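Before any comments, here is the structure.
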Amino acid sequence: MVEKKAPGAVYTEVRAVAETGENVNFKHISVLFGESIKALNVKENGIYADGTLGGGGHSEGILSQNGTCRLIGIDRDGAAIAAASSRLARFGGRFTAVKSNFREIKSILRELGVSALDGAILDLGVSSYQLDTAERGFSYMKDAPLDMRMDTEAELTAYDVINGYSKEELAGVFFEYGEEKWSKRIAEFIDERRKTAPVKTTGELVDIIKAAIPKKARLDGGHPAKRVFQAVRIEVNGELKILERAVRDFVDCLKPGGRLAVITFHSLEDRIVKKTFAELEKGCTCPKEFPVCVCGKKPVIKLVSRKPILPTEEEEDKNPRSKSAKLRIAEKL
């Protein structure tokens, strides 16, 4: 289990690490930066939360809007916490870093004595730093031990999934979280391989995936391992399992007029966010055939824009990883 620590203690600890100069090269280009900062409508003396702190790009943008707002930055990756704390040290007590999962937003705010937020942002998915740091095991382009943990103190790793899940469980993960049509065949190839020896590295996994997918099929849709790596990463970090509840909790924590901005990078994430926002906007959950509402549920949010905001062509050219990004914004009623 991950050690639970009080937010204040975590802040002190990671600041000390950051001041030594370690982990300060956490490189990540914040996607849809201007659009998301503008969406939050940052106010004087407002309190904001960045649930996916990363390298601190969005947080820096929020804190730079005026000299009085405060920001709580949350991340489960210790390297991200250290790097962002160093980057944002100039904001002093206006910035607080918390090593935790954003799903814990309610308990985090409670421990910090914050009653409600004026706005929050979630930039979902894996960071450029995590992809580019080979030893983290996120990338199918670099050979490294199978890991993929966003929190390096967490128990479950990609090695555990690939070598410990049954053939049927693997196929289910690949299909559900990667939408991989060759999921069963890939799982079968992995199962055969691990009968001889465990699959230990990302390179070994890539080779198995390439062998499992027919040559003609490998010519379409980018790198053949992309979908499986996405699926394993999501499984290891429980990304989709927590998303709907987390979005609802963040909305609960907003003041009236406060905004939640969520950036997604694949259809599975976006579908959950879109559906959750739609339900919170509708309010009533009565069957359509009911003549009048009997559930009594009222709309909780309004959508700031009906369609998601997409990166410009200029941003896509500068940062190819932004191409699949979508920004959705909701305002608390």
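Calculate, for residue 169 and residue 218, the FRET efficiency according to 1/(1 + (r/R0)^6) with r their C-beta to C-beta distance and R0 25 Å; round to the nearest 0.05. Write down the numbers at each step before the final one.
On the way: r = 24 Å, r/R0 = 0.98.
The calculated FRET efficiency here is 0.55.
For the stretch 175-333, what is the convex hull volume of its Cα atoms per residue in Å³? Mind showing how you got there, number by number?
On the way: hull volume 28.2 nm³, N = 159.
In the stretch 175-333, the Cα convex hull volume per residue is 178 Å³.
Using the beta-carbon distance between residue 200 and residue 179 and R0 = 41 Å, what value does 1/(1 + (r/R0)^6) give for FRET efficiency, to the nearest 0.05? All intermediate terms of the calculation are to be shown ahead of the outcome.
On the way: r = 26 Å, r/R0 = 0.64.
Working from the Cβ atoms, E equals 0.95.
Tilt of helix 167-178 relative to the longest C-alpha principal axis of the chain, in degrees (0 to 90, nearest 10)?
With both axes taken from Cα atoms, the answer is about 40 degrees.
For the Cα atoms of the chain, what angle does the longest principal axis make with the long axis of helix 267-282, in degrees from 0 to 90, nearest 10?
Roughly 30 degrees between the two axes.
In Å², what does the accessible area per residue of the stretch 174-333 work out to with a 1.4 Å probe?
On the way: 8650 Å² over 160 residues.
For the stretch 174-333, the solvent-accessible area averages 54 Å² per residue.
With N residues in the stretch 129-219, what two-decimal value do you get for its Cα radius of gyration over 2.2 N^0.38 Å? Numbers along the way, then the final one.
Numbers: Rg = 12.9 Å, N = 91, 2.2 N^0.38 = 12.2 Å.
The reported ratio for this selection is 1.06.
Treating the beta-carbon of each Lys and Arg as +1 and of each Asp and Glu as -1, no other charges, what is the dipole magnitude of the stretch 231-284 about its Cα centre, to the nearest 20 debye?
On the way: 10 positive and 9 negative charges, 23 e Å.
Computed about the Cα centre, the dipole is about 120 debye.
If you stretched the chain out fully between residue 284 and residue 211, how much longer would it get, using 0.36 nm times the residue separation minus the C-alpha to C-alpha distance? Mind dumping the intermediate values first?
Details: separation 73, 0.36 × 73 = 26.28 nm, distance 5.02 nm.
So the extension gain works out to 21.3 nm.
With unit charges on the beta carbons (Lys and Arg positive, Asp and Glu negative) and the dipole taken about the Cα centre of the stretch 114-157, which residue among 131, 115, 141 sits farthest to the positive side?
Of the listed residues, the answer is 141.
With label points built 7 Å along Cα→Cβ from the Cα atoms of residue 242 and residue 316, find their separation and express it in nm.
So the label points at residue 242 and residue 316 sit 3.2 nm apart.
Could you work out what % of the accessible surface of the chain is carbon and sulfur, using a 1.4 angstrom probe and leaving DNA, RNA and ligands out of the count?
Numbers: 8250 of 15950 Å².
The nonpolar share, carbon plus sulfur, comes to 52 percent.
Based on the Cβ-Cβ distance from residue 267 to residue 298, what FRET efficiency comes out when R0 is 22 Å, to the nearest 0.05?
Values: r = 30 Å, r/R0 = 1.36.
That gives a FRET efficiency of 0.15.
Beyond 24 Å between alpha-carbons counts as too far, so tell me which of 274/302; 99/226; 99/302 fall in that bin. Please list the in-between numbers first.
Working: 274/302 12 Å; 99/226 28 Å; 99/302 31 Å.
In this structure, 99/226; 99/302 lie more than 24 Å apart at Cα.
Send over the semi-axes of the chain's equivalent ellipsoid, whole angstrom and largest first, taken as the square roots of 5 times the C-alpha gyration tensor eigenvalues. Intermediate results must be reported in sequence, preceding the final value.
Values: eigenvalues 229, 135, 68 Å².
The equivalent ellipsoid of the chain has semi-axes of 34, 26, 18 Å.
Put +1 on the Cβ of each Lys and Arg and -1 on the Cβ of each Asp and Glu in the chain; which of 262, 300, 34 then has its Cα farthest toward the positive end of the dipole?
About the Cα centre, the residue reaching furthest to the positive side is 300.
May I ask you to list the aspartates and glutamates whose Cα is less than 18 Å away from that of residue 326, ignoring any residue fewer than eight positions away on the same chain?
Reachable aspartates and glutamates: 35, 50, 123, 239, 244, 269, 270, 313, 314, 315, 316, 317.
If you average the C-alpha positions of the stretch 267-312 and of the stretch 164-213 separately, how far apart do those two centres end up, in angstrom?
Answer, in whole Å: 36.
Can you tell me the orientation of helix 202-212 relative to the chain, as the angle in degrees between its alpha-carbon axis and the longest Cα principal axis, to the nearest 10?
The helix 202-212 is inclined about 60 degrees to the chain.
The values are calculated or read from the model by the stated rules, or taken from the named source; none is laboratory data. Nothing here was measured: the structure is a model prediction, and the numbers come from that model. Note that each Cβ is placed from the backbone with ideal geometry, even for glycine, and that neighbours are counted across all protein chains shown. Keep in mind that these areas ignore ligands, DNA and RNA; they rest on the heavy atoms of the full protein, side chains included. Shrake-Rupley method; radii C 1.70, N 1.55, O 1.52, S 1.80 Å.
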